[in-house]
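The structure under discussion appears below in the form of structure tokens.
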There are 2 protein chains.
Amino acid sequence: MTAPAIILSHTQMGENVGAAARAMKNFGLTDLRLIAPRMEWPNDRAQMLASGAGDILDRAQIHADARAALADCQLVLATTARGRDVTREVLTPEAAIARLRQASDAGLKTALLFGGERAGLDNDEISLCDALITIPTAPLPQIKESEIKAGSLNLGQAVLLLGYEWLKSADATPASRTRPSIAVPAARQDLVDLFEHLERELDAGGFFFPPAKKGAMVRNIRAMILRSGLTDQQARTIRGMIVALVRNKYRGNA
Amino acid sequence: MTAPAIILSHTQMGENVGAAARAMKNFGLTDLRLIAPRMEWPNDRAQMLASGAGDILDRAQIHADARAALADCQLVLATTARGRDVTREVLTPEAAIARLRQASDAGLKTALLFGGERAGLDNDEISLCDALITIPTAPLPQIKESEIKAGSLNLGQAVLLLGYEWLKSADATPASRTRPSIAVPAARQDLVDLFEHLERELDAGGFFFPPAKKGAMVRNIRAMILRSGLTDQQARTIRGMIVALVRNKYRGNA
């Protein structure tokens, strides 16, 4: 398995290359290639924005054109911001990454191609790609013509989102988990002790009224406590609270 | 359905608030709230980075503390970069957004809470939240202690990724589609005409050898052409190519 190359074509701003490298590092990508960068290289602004991902910049390949940059790649997907009048398959980021992941797992060399800040990718570059990717963004019907450019994602953001999908596609983190901690979930005996302590004091306070409803009321209270998933410490804390409340009551009555 | 509020606590850099607003606009979020911002407000750097999302900054609510900022919220999820020693449920961005989407669809007011650049959220703020979110990033075992800070996402990137998941959770874009275009898929008759034209000329050129294998060879060629999903124009272009190639052959023989 090799991770996809990130290939940036005709990039104008070092900041964007640096942000792309930073995003790559966050999500486990290392193979950065630049096609005909429109800036000084090496680039100080890129190094500054890369903050901790300078090694990715140092190892970046520089190529004269897309043909050279893509020479060893067996599956290439290109990001595009807007519609084109060619009939090409267009993928969501998630579907694109699933395809890349599958190819990478099969040992193929894959790549994601990103166009320059102004013009994006030209048709010759697009013709070398297997499919296109469009990142969904909110419709901006109210936006002025002059703001349309601002309505799309910048280069660093696009690399970030696809890198995130890449990591996510192999990420085994469960959707929901509770942090491991020194706290130990309460054993059933602790809970039963708590239930009985609470119910005894509630009974003493005349809480269960009318008496015929006591069974249902107890069941409701127990369900509520069980649902909260107490630790043993929390169960003890609640028993301490009950003791404190009861003590107050007797004081009040004294 | 109301979209979640984006609540930034103790933010120090206007750039990050601006980038957050820009990311919100991209993904259809509008309700920005700041808890005790540690910078001038309104903020010039924020306006600059918001580029086209200035209206979100202009309408941002400013609150003295989390209690005030979250007062009307019924489900609050907080982003955290690293482990904490409290026993709280931790969600992936996708699972978190699914929960927010469900609550929003049910008419509840929801929020995503983000901590400041240095210290993140404090324990009091965390105690007001229903669950935590951790964005998965690559393990960085080789990283130096001094670089660990750079290993996590910045505030603008965190808002971007959660905004992206929010839009995606309601996005009806099919995973794969072909752009609408004036190009029309070839009708079966066009393809059959192409097949027969090609096979006739291949036959004339002695391509089908040995003759016993012709049937299988024809089927393979047809399958290959069908798989490429030609338009009518492309089918015509290929027939033109065949004509041109055949013309050359006769020239060569002349």
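Which of rounded, prolate or oblate describes segment B:5-172 when judged by the alpha-carbon gyration tensor and an a/c cut-off of 1.5?
The shape class here is rounded.
Relative to the other identical copies, B:LYS214 shows label-point distances of 9.8 nm, where the label point lies 7 Å from Cα along the Cβ direction and values run shortest first.
Label-point distances for A:ALA64 to the equivalent site in the other copies, using a point 7 angstrom along Cα→C-beta, read 6.8 nm when ranked shortest first. Taking other C-beta atoms within 10 Å as the exposure proxy, A:VAL243, B:VAL246 rank A:VAL243, B:VAL246 from fewest upward.
Here the extension length gained between B:ALA216 and B:ARG247 equals 8.4 nm, from 0.36 nm per residue of separation less the Cα-Cα distance. Label sites at B:ARG59 and A:ALA204, each approximated as a point 7 angstrom past Cα along Cα to Cβ, lie 5.6 nm apart. For segment A:5-172, the share of DSSP beta bridges that are antiparallel, to the nearest 5, is 5%. Note on B:ARG67/B:THR231: beta-carbon distance plugged into 1/(1 + (r/R0)^6) with R0 of 60 Å gives a FRET efficiency of 0.45. Structural descriptor for chain A: relative contact order 21 percent, calculated from alpha carbon pairs under 8 angstrom and at least 6 residues apart. Each copy carries a label point for A:GLY107 at 7 Å from Cα along the beta-carbon vector; from one copy to the others these points are 5.9 nm apart, nearest first. Quick check: from the Cα gyration tensor, does segment A:188-249 come out rounded (a/c under 1.5), prolate or oblate? Because a/c hits 1.5 or more and a/b fails to exceed b/c, segment A:188-249 counts as oblate. Coupling constants for segment A:56-70 follow from the phi torsions by the Karplus curve (6.51 cos²θ - 1.76 cosθ + 1.60, θ = phi - 60°), and in residue order they are 5, 5, 4, 8, 4, 8, 10, 10, 6, 8, 5, 4, 6, 5, 9 Hz; glycine and proline get x. Descending by average beta-carbon neighbour count within 10 Å, the peptides B:205-218, A:157-170 line up as A:157-170, B:205-218, the highest first. From least to most packed, judged by other beta carbons within 10 angstrom and beginning with the fewest, A:THR92, B:THR110 follow the order A:THR92, B:THR110.
For segment A:5-172, the Cβ-based charge dipole about the Cα centre amounts to some 160 debye (Lys, Arg positive; Asp, Glu negative; other atoms uncharged). Under a Gaussian network description of chain A, with springs only between Cα atoms under 10 Å, the residue in A:ASP122, A:ASP203, A:ASP58 that fluctuates furthest is A:ASP203. Counting only DSSP beta bridges with both residues in the protein assembly as shown, tell me the antiparallel percent, nearest 5. Percentage antiparallel, nearest 5: 20. Amide H to amide H, with H built 1.01 Å from N, B:THR231 comes under 5 Å of B:ALA186, counting only residues 5 or more places away or on other chains. Here's how it looks for B:ILE133: its modeled amide H is under 5 Å from those of B:ALA78, B:THR79, B:THR80, B:LEU91, which are all 5 or more places away or on a different chain.
Were the residues from B:THR30 through B:ASP44 laid out at 0.36 nm apart, the gain over their Cα-Cα distance would be 3.1 nm. Its DSSP H runs of at least 4 residues, each contributing -39,500 (n - 2.57), put the calculated 222 nm mean residue ellipticity of the protein assembly as shown at -14000 deg cm²/dmol, to the nearest 500. With 30 Å as the limit, write out which pairs from A:LYS214/B:LYS109; A:LYS109/A:LYS168; A:LYS25/B:LYS109; A:LYS109/B:LYS213; A:LYS213/B:LYS109; A:LYS109/B:LYS214 have Cα-Cα distances beyond it, or answer none. A:LYS214/B:LYS109; A:LYS25/B:LYS109; A:LYS109/B:LYS213; A:LYS213/B:LYS109; A:LYS109/B:LYS214, as the Cα separations exceed 30 Å there. Farthest towards the positive end of the charge dipole of chain B, among the residues B:GLN233, B:PHE27, B:LEU132, is the Cα of B:GLN233, using unit charges on the Cβ of Lys, Arg, Asp and Glu. Across segment A:232-240, computed HN-Hα scalar couplings (Karplus, 6.51 cos²θ - 1.76 cosθ + 1.60, θ = phi - 60°) run 4, 5, 5, 4, 5, 4, 5, 5, x Hz from first to last residue, x flagging Gly and Pro.
Bear in mind these aren't lab numbers, they're just calculated from the coordinates by the rules spelled out. Treat the numbers as computed from the prediction; the structure is a model and nothing was measured. Cβ: placed from backbone, ideal geometry, glycine included. Neighbour counts: every protein chain shown.
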